[in-house]
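Single-structure report; data block below.
The values are calculated or read from the model by the stated rules, or taken from the named source; none is laboratory data. Everything quoted here is computed from the prediction, not taken from an experiment. FYI the Cβ positions are ideal-geometry reconstructions off the backbone, even for glycines, and counts take in every protein chain you see. For the accessible areas, the whole protein counts, side chains as well, though only heavy atoms, and no ligand, DNA or RNA atoms are used. Shrake-Rupley method; radii C 1.70, N 1.55, O 1.52, S 1.80 Å.
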Amino acid sequence: MSLHSFWDKLILIGHFIRARRRRFTNRQQLENWQQKKRQNYLQRQVIKASHYQNISGKPFADYPLMDKSQMMENFTGCNTENIALDTVLPIALAAESSRDFNPQWRGFTLGLSSGTSGKRGVFLVSKQERLRWAGILLAKTLPNQFLWQILKPWQPKLSIAFFLRANSNLYNTLNSSRIDFRFYDLLQLLDQHILHLNQFPPQVLVAPASILQALAKAQKAGALNIHPQRIINVAEVLEAGVARQIEQTFAQKVHQIYQATEGFLAYTCEQGNLHLNETYIHIEKNWLDAEQKRFQPIITDFTRSTQIILRYQLNDILRVADQPCNCGNVETCIVAIEGRSDEIFWLPEKNSQELKPIYPDSLRRCMMLVEPELMEYNIIQRGLNWQVSIKSQADIEICKQSIENNITHLCENFGLIKPQLTFNDWQPEIKGAKRRRLVCENY
Ligand SMILES: [Zn+2]
C-alpha cells in the first residue's frame, strides 16, 4: 500500500520537516528534551498498556526491563490496544509464508522479526506511527540534494531500491508521487534483480552488506551497470573489508541505517559516522566492559504508541567512538555495530581458567588478515571446539594454516587457551538468510 491520501502525505511531510529541523546545540539540551519526552511517554502512552498500569506514577528508572521473549509472553499487556498475540500471530505467519507483504489487522500493520537468535517476535504499528517513522527515516538519511528533488514536482521522482528479506507496509509507506520505491525480495534470484536494476537504476541503493558486496562484484564484472548516488547498508554488520570492496567499486562511502524490528536506532551523518537516533529514542547503556567501550542498548522509543517499547533490551553490541563526531550532531557517535551477544566467543584464561570474551570485532579482524584472502567463512563455537568453514580460490591447506596461526596469535595476545579448530567444507548459505559468520552455540 502506498500513500494515497493527501492528508497522509501532509502528515509525513510534517514529520519529515520537524525531524529535519530538530537539532540540539549541546548534549544537555538533548537530554532535557529526552527527559520531557520520557515523562510524556509514560503519562500518555505507557499508562494505557495494562502491563504497566500498577507502576504508573513511579520514576522512569523503576519501570521493569523488557526483552523480546517477555514481550511476546505479555503481548496483550504491552500494547495499548489490548491486542492478543493469538489474534495477530497466525496472520503474520500466513503472510510470511505466502510472501504477502501487506498483513494488516484492523488497520494495524503486522510484521515478524527475523529471529536469527531463535526467538520470533511480532511487531505492531498503526498508520500514524508508520507515517512518523517514514518522515523521520527520510529526514535522517537523505542528503539535501535528494530532499530538493522530492520537493520539486517538476523533477523526476527519487528512485530507491530496497533489498529486504520481506517487504512490509512500513517500507511501502515511502512510496509516493515523489518517491519511486522498489522492493527487491531477497528470496528471489540475484540475477533477476540485476536485470531489473539495470532497467530501473536507483539513485539510492539500500541492502544488507552481503547483497551490496554481490552487487559490487556484478558491477565490476560488467553484468551490472548502475550509478547510485547513495548506498546504505541495512540489517547486517558492515565489515571493514566488505565496505572497502563496495566503496572501491561504486566510488563512494557506504552509509548505514541501523533499523531493528524494535525501532530506527541509528544512521550515518554526512561525515559517514553512525549516530544513535536519540532525538526519538532514549538509549540506556548496559556496559559490557570495564573501560565502557561496548554496550548493549536498552531502548525506550517515544514514537511507538501501539506497542510499548520501554526499557527494552537488545542483543546487539555497540561500540562507542573515542571522540565526538565533528559534524556538530550531539547524538552519541558509535564506531560500529559489532553484532549480537551470541557472536561473542568465550575462552578460558591460561592462568586463572576464568572465561574471557572475544568480541566479534577482533575475531573478524583476525579472519580478514588470513592469507591468501578468504571469500567466505563462518565459525561456530562449541566449547573448546570451533567449527570453521571456509571458501577460497586459493589453496585451502595454506588458508587453514594461516587461520591456525592467526587464532593462535590472538589467543596468545589475550593469554587464552587456544581452541581446537575443526575445518568443514563450505556450505552455500540458505537464500534470503541473514549472513551470520560467528555463532557461539555454547562455551
Ligand atoms: Zn556526525
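Tabulated results
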quantity	calculated
Accessible solvent surface per residue of the chain, calculated while the other protein chains remain in place, 1.4 angstrom probe, Å²	47
Ordering of 382-390, 200-208 by burial proxy (mean other Cβ atoms within 10 Å per residue, highest first)	200-208, 382-390
Choice from Ile281, Ile179, Ile136 showing the highest fluctuation, given a GNM over the chain with Cα pairs closer than 10 Å	Ile179
For the stretch 216-265, the spread of Cα positions along each principal axis, largest first, Å	38, 20, 16
For the chain, with +1 on Lys and Arg beta carbons and -1 on Asp and Glu, the positive-most of Ile379, Leu124, Leu10 along the dipole	Leu10
DSSP beta bridges in the chain [antiparallel fraction, %, rounded to 5]	60
Under-5 Å amide H pairs with Gln256, H placed in peptide plane, nonlocal only	Asn233, Thr268
Over the chain: helical MRE at 222 nm, DSSP H runs n ≥ 4 each giving -39500 (n - 2.57), nearest 500	-10000 deg cm²/dmol
Straight-distance crosslink candidates among lysines, where the alpha carbon sits under 21 Å from Lys36 and sequence neighbours closer than 8 are dropped	Lys48, Lys58, Lys285
Gaussian network model of the chain, springs between alpha carbon atoms under 10 Å - residue of Thr25, Thr249, Thr279 with greatest fluctuation	Thr25
Kyte-Doolittle mean at least -1.0, axial Cα span of 24 Å or more - DSSP H helices of the chain	396-414
The chain shape via C-alpha gyration tensor axes, a/c threshold 1.5	oblate
Whether the stretch 182-319 is rounded, prolate or oblate, judged on the alpha carbon gyration tensor where a/c under 1.5 counts as rounded	prolate
Residues of type aspartates and glutamates that Lys293 reaches as a straight line, Cα spacing below 20 Å, ignoring anything fewer than 8 places off in the same chain	Glu239, Glu278, Glu284, Asp316, Asp322, Glu331, Glu338, Asp342, Glu343, Asp361
Relative contact order for the stretch 117-232, counting Cα pairs under 8 Å that sit 6 or more residues apart, in percent	23
Where GluC sites (Glu not before Pro) fall in DSSP loop in the stretch 289-364, at most 16 other Cβ within 10 Å	Glu291, Glu354
Relative contact order (percent, whole number), the chain, Cα cutoff 8 Å, 6+ residue spacing	13
